1. Once the piece of chain linking Phe110 and Asp225 is laid out straight, how much longer is it, given 0.36 nm per residue of separation minus the C-alpha distance between them?
2. How high is the relative contact order of segment 339-429? Use alpha-carbon pairs under 8 Å, at least six apart in sequence, and give a whole percent.
3. Determine how large the accessible area of Thr353 is when every protein chain is in place; take a 1.4 Å probe and give Å² rounded to the nearest 10.
4. State which entries of Lys166/Lys204; Lys383/Lys425; Lys195/Lys425; Lys381/Lys425; Lys112/Lys195; Lys195/Lys227 exceed 20 angstrom in Cα-Cα distance in the structure shown.
5. Are there GluC sites (Glu not before Pro) in segment 50-125 that DSSP puts in a loop and that have at most 16 other Cβ atoms within 10 Å, and which ones?
6. From the C-alpha coordinates alone, can you work out the Kirkwood hydrodynamic radius of segment 339-429, in Å?
7. Determine ³J(HN,Hα), in whole Hz, for all residues of segment 343-349 in sequence, where each value follows from phi through the Karplus function 6.51 cos²θ - 1.76 cosθ + 1.60 and θ = phi - 60°; x replaces Gly and Pro.
8. For segment 115-177, build the charge dipole from Cβ charges (+1 Lys, Arg; -1 Asp, Glu) around the Cα centre, then report which of Pro139, Ile172, His157 sits farthest towards its positive end.
Amino acid sequence: QWPWGWRESAWRPNRSSLIIVRQLIIVILRRRDRSSAADDMLAMTAEERRKQQEEEAALHSSSLRVPRRPPWTAKMSPEELDVNERQTFLAWRRSLARLEENEKLVITPFEKNLDIWRQLWRVLERSDLLVMVVDARDPFFYRCPDLEAYAREIDEHKRTLLLVNKADLLPITVRQRWANYFRLHGTLFVFWSAKAASAVLESKRLKIPWEESASGQESASSSEDTKIYSRNELLSRLQAEAEAIVARRNLSGKRSLDDAHFVGDGKENTAAKHVVVGFVGYPNVGKSSTINALVGEKRTGVTSTPGKTKHFQTLIISDDLMLCDCPGLVFPSFSSSRYEMIASGVLPIDRMTEHREAVQVVANHVPRQTLERVYNISLPKPKPYELLQRPVLASELLRTYCSSRGYVSSGGLPDETRAARQILKDYIDGKLPHFEMPPDLTEDGLDENLQGAMTCSGSVGGNESDYSDPIDPTMSRVDIGGLGETNLGSILSELESFDTSIGPSAAEAVVAARRKASAKNHKHHKKPQRKKDRSWRVGNDDGDGMPARVLRKSSVNL
């Protein structure tokens, strides 16, 4: 008999209940392992966590791949091809799910729709030259090296060209640095501005942020690598590169997969006469705008919301050139977070739920002086116990912006959501200038012009406050909870530099202000109260010290 009065035969576990108990035990053990791993992550400093994530990402970089299309032939039925593609795609999703279980890795959101990946497969097979459109302000964020490797797997003669869009938002010196980097690594690249090309077609003139400072430099250094291509120049370059690829393929005696697919009943497809240039890249990076600028009219939908293009489409430019536009895809990556993707325009801004984290990305890339100059606001200065060159906090930027613009919610609080959307749109459109430098470039090799551009735009090297005192770049934030080591020497030197930055004249001004305040306090002091006159009281000098008592006779009315 059991302790609660049941007999042993009252309950007998069956096979399904044992399976449920086993799954519960597995879930509990996994949660315990994850909690212990999370505790270990919290025990490390931010620098240690970053290094650990980089090492882990480098270890699993080969597993983070673009899904491949399974081998197929023209004789396969549509049903058989669909089953093979779904099975291959499901295996790819499972491999990424195993990577997501690793607590040391952070995989960004990626495209999970098989139909969108099918559009990419079709564009890769049809294209002779693959054009990857990237943002000039951060080309590595929008570049997918595995996609270039996949294109070479399809055809060894196929090449990838980086179309560095929005190049008008970069100074000429920064463009030169990126050109040297691409040339050193053997990368095909072209600087381009779809917005500027569209403005030329519409007979409009755009105001370039660096036009005043770099007009003389750009005319002096009119290099072929750093110049921004026009519409006709870009079309000629694309057609020349594609024709060179086709010529090398014909010399080798091989046929592209797309040409082999279109051969049927002994007749060649007329589309084989065109060289095909395919455009791929992240959403909202400028693919459709580039297509419209090259065609000369609006042929594809353009909007600031990512994901406008749903299906690939081909556009014939001439008898020898055909363009192919692919829908934007978000490739899986280790190198960025969800908030960075929102700030970069890859994910829709209107769907964000945590606006402060996304605005903090903007504050980390744009210096304090630029924010104050563009928005005509005055941001709070760092506290005496904080780093002098710390970036602006998202809460400070949002509250100051709401106060200057009058953004108030229904409850009377600052409407930070509305302010965050406007700041992020300005960051994406280029109103807030910023850019990144090549990874192998150090600040020691920067010239004076580039350093000035970085000060104005807010590039690598962090933000600068209104104070000009140098600080130790290795100084880390003080860990009050004991999670990290406190650099006491750096803190003392920081406080000392803060004290010495005041100067003798400023110190005298502080003393004078204190004296003035004290004089003002003496001037407006309270008047002393007068002592009450108690001379009317009856004295009792010869008495025993007890209070005297006066007896008065009242008149009697008769």
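1. 38.1 nm
2. 33 percent
3. For Thr353, the solvent-accessible surface is approximately 130 Å².
4. Lys383/Lys425; Lys381/Lys425; Lys112/Lys195, as the Cα separations exceed 20 Å there.
5. In loop regions of segment 50-125 (DSSP not H, G, I, E or B), the sparsely surrounded GluC sites (Glu not before Pro) are Glu101, Glu103.
6. 13.5 Å
7. 5, 8, x, 6, 9, x, 6
8. Ile172
The values are calculated or read from the model by the stated rules, or taken from the named source; none is laboratory data. None of these values were measured; they are calculated from a predicted model. Neighbour counts are summed over all protein chains in view; Cβ atoms, including those assigned to glycine, are modelled from backbone coordinates with ideal geometry. Accessible surface is based on the protein model in full, side chains and every heavy atom, while ligands, DNA and RNA are left aside. Shrake-Rupley method; radii C 1.70, N 1.55, O 1.52, S 1.80 Å.
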